[in-house]
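Below is one structure, written out as structure tokens, with a few remarks after it.
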């Protein structure tokens, strides 16, 4: 019971904290627009979005991951670091003080550089791994553009014309850090890790870009704000993911929104799997592969290792943010958005409206982060050649087919409804595949042979019959299974 | 290479000598092999073993397992102590299933003496052995999951293992190094209410095994990584001297508990799982099923265990009861002689084997009749299993080495004596 209460308290705290964060982002944005110069809010957005939101979530993630994995694994999780302040004495605070101890540990460790390492490149590695992942978030809109104090405030740092291409370009820079770290350490294990990371990135860059083409076609844009879209109002219909495919008539708008995941389920799976591979976390953690090759950062210690570590977590946040903006409707509510926007209170206080939608965005981001943690703690690691096969033989053809089918459907029916019908069908097939308790046909044959090892010897009728194992397939397993294949 | 037939090609020609020859251009890019040391301290080496791996890219060209980092002079140590005092040394052979080593050794000594132990002692030995077979398999299967990146199965396995270690501690007083049993029987009876506790632990354990099974057995990534990797054929396995789960995974139905039943194994109804392909996946499945069978044996043994003495009533072999030691001169004398001189095992030699968790645990004992072993040799199941690693893994990928090394389950302590 107390655990449930703790979790509830944590949830409410998180929502309130986010609400406060987004609200101050909007208000400060409005203030600087008023007092400094037009466009100053973009500068404060850098501060709020990247330094406050992404960095703090990433930092908290180091804790959340340990705590969440502990819940998965039926253990307590970190709870021993305590602060001796009055009122807080001997409270574990959900393990939060561990973040502090982590930082202290990283900062006070010896900064070790191997004698044979290339010092310049060795030092450059963590920086190159760390910087690009932060820059990624610059083009992700984290809230609607609203009027605050009579000035228009966008919740995005930059809106370049090349939009998503910027993300693809910067994301591929991150591999230099990993490759350099592997090579400059002058360690064979690290070198193997660096080589693995490089080949993995190359294989998944292609699938990553390709899986998005269908979405670009559907929304005729590569800019994230355009893909997220503007809410419809009395003046015009919604655009981007804010439009409805089908909706009820009436004051309160209820309907099926044109979210990316409905239009492009295959694109979503491909993008999620490929970008998961880019984050280098299990089941794609081959560059690390701690039980095989220890990892590309084996020679790094202290805060340099910490940079690699935190850049992984930042990648998780950024990946969740980009996926939310592209496929989960960004900051839009699934329904009722137009109704909310037309309320007099919201019309009057733009920042309040922006804050609500901004909180929605960050909640979606948190959900995706949670999914990533779940996958990370449930799956074993791929093998080097299997990961290449998945990238080149499954994700790439899937992405190509998706591009052609989506393109044809968008041409045929520009209202996107045909695309949505196909998408819902695909989602249905995926759900059925996930729920089904039999193995797919191709794997089924192979398993039948192995059934001999398992059920064949059971002449006394004690052990489980061969089919009974299917019943154990856990939902999480199935769902994630579908997303990686 | 036909160019070489023309003599003019060999004449020095300053214009063309600097260029690459045509054959060189067509040749494959020259690659360098990389030698890496996995171990002696590496996350994936059980115990301490060094694998010298020669890599071409990620493919293993040559691998050389090197043992000796855990050498403690087991055989020589045994020659300097009495037969009973050998027990603590046997604990440290396969430290995950110490009781099986204890009982295997005692069984061999009893065979050398020609001694029949009481019924209840046999049951307790079966119970102890199967408990430790479970812990050993749990560690192996859990670690397999762990080293492939799946942390969850490992913790499930460890939860069950902890339960079993608690039970072991209640039974023997130690979690790992049990030193349980004495020549002629068992030194301590089952504690009060212990059987009920074990039943409860097994109930929970079955749930945990089922959960582990659900996480791994049908997990596509796990299956991809284990099925068809680390294959050894039945013939090769026999040639290398494989026994236990690794051999049975190749399809050879050989289990000493069935083939040559000792203690009371012939009274229990259990199956010996046999694989087909001899790959990592089959070894994993065999171990998983063996755990279920062990639980089955345990339940039957605990249901049918008879009452009675737990050690032979022979003061030349077993220590006299304490009241006799304190109250009678005969008791004091036998106690003194047993402790100071040891059990007078008749001169002779014997080979005896039991089915330990990783295969046939054989004991070759020689006695010269003076109360101390003249020679103790262990046929450790881990040794042939490790010896075959180069045969299995050469030409395969580096990543295959990990599951293979996990599922053959070589234990450093018993390999090095």
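Please treat every number below as a calculation from the coordinates, not as lab data. Being a predicted model, the structure only gives us computed values, none of them experimental. Positions of Cβ are backbone-derived with ideal geometry, glycine not excepted, and every protein chain shown enters the neighbour counts.
Quick notes on this one:
- Ranking of B:304, A:378, B:144 by count of other Cβ atoms within 10 Å, fewest first: B:304, A:378, B:144
- With a Förster radius of 51 Å applied to the beta-carbon distance between residue A:413 and residue A:17, the computed FRET efficiency rounds to 0.75.
- One Cα centroid belongs to the stretch B:147-173, the other to the stretch A:345-359; the line between them spans 53 Å.
- Nearest 10 degrees, 0 to 90: helix B:98-113 Cα axis against chain B principal axis: 60 degrees
- Selected from B:64, B:255, B:406 as most flexible by GNM, with chain B as the system and alpha-carbon contacts under 10 Å: B:64
- Averaged over B:390-403, number of beta-carbon atoms from partner chains that fall within 10 Å: 3
- Hydrodynamic analysis of the protein assembly as shown uses the Kirkwood radius over alpha carbon pairs. Inserted into Stokes-Einstein at 10 °C and 1.306 mPa s, it gives a translational diffusion coefficient of 51 µm²/s.
- With respect to chain B, whose longest principal axis is taken over its alpha-carbon atoms, helix B:119-147 is tilted by about 30°.
- Using the Cβ-Cβ distance between residue B:62 and residue B:206 with R0 set to 45 Å, the FRET efficiency works out to roughly 0.55.
- Oblate is the label for the stretch A:355-406. Its Cα gyration tensor axes, ordered a ≥ b ≥ c, give a/c of at least 1.5 and b/c at or above a/b.
- Relative protection proxy for A:331-342, A:92-103, B:189-200, from highest mean packing down: A:331-342, A:92-103, B:189-200 (other beta-carbon atoms within 10 angstrom).
- Exposure proxy shown here: for A:436, B:229, A:108, A:62, the number of other Cβ atoms within 10 Å sets the order, fewest to most, as A:108, A:436, A:62, B:229.
- Largest GNM mean-square fluctuation across B:178, B:210, B:404, computed for chain B with C-alpha springs under 10 Å, falls on B:210.
- Site pair residue A:159 and residue B:366 shows an inter-label distance of 9.1 nm when each label is modelled 7 Å from Cα along Cα→Cβ.
- Annotation: the stretch A:175-221 has a Kirkwood hydrodynamic radius of 12.0 angstrom, from the mean reciprocal C-alpha pair distance.
- For peptide B:265-278, the mean count of partner chain Cβ atoms within 10 Å of a residue's Cβ comes to 3.
- Full-extension gain in nm, residue A:432 to residue A:93, via 0.36 nm per residue minus C-alpha separation: 117.9 nm
- Averaging 1/r over each pair of different alpha-carbon atoms in the stretch B:65-415 and inverting the result gives 20.8 Å, the Kirkwood hydrodynamic radius.
- In terms of packing, defined here as the mean over residues of other Cβ atoms within 10 angstrom, the peptides A:39-48, A:10-19, B:145-154, A:159-168 line up highest first as B:145-154, A:39-48, A:159-168, A:10-19.
- Sorted from longest to shortest, the spans of the Cα atoms of chain A along the three principal axes equal 72, 56, 49 Å.
- Our note on the geometry: Cα centres of the stretch A:239-265 and the stretch B:280-355, 75 Å apart.
- Relative contact order of the stretch B:65-415: 26 percent, from C-alpha pairs under 8 Å at least 6 residues apart in sequence.
- Distance between the stretch A:271-297 and the stretch B:228-277 - C-alpha centres, whole angstrom: 37 Å
- Chain B: calculated mean residue ellipticity at 222 nm from DSSP helix runs of at least 4, using -39500 (n - 2.57): -14500 deg cm²/dmol
- FRET efficiency for residue B:236 and residue A:404, using Cβ-Cβ distance with R0 set to 56 Å, rounded to 0.05: 0.70
- To the nearest ten degrees, helix B:194-216 and the longest principal axis of the Cα atoms of chain B are 10 degrees apart.
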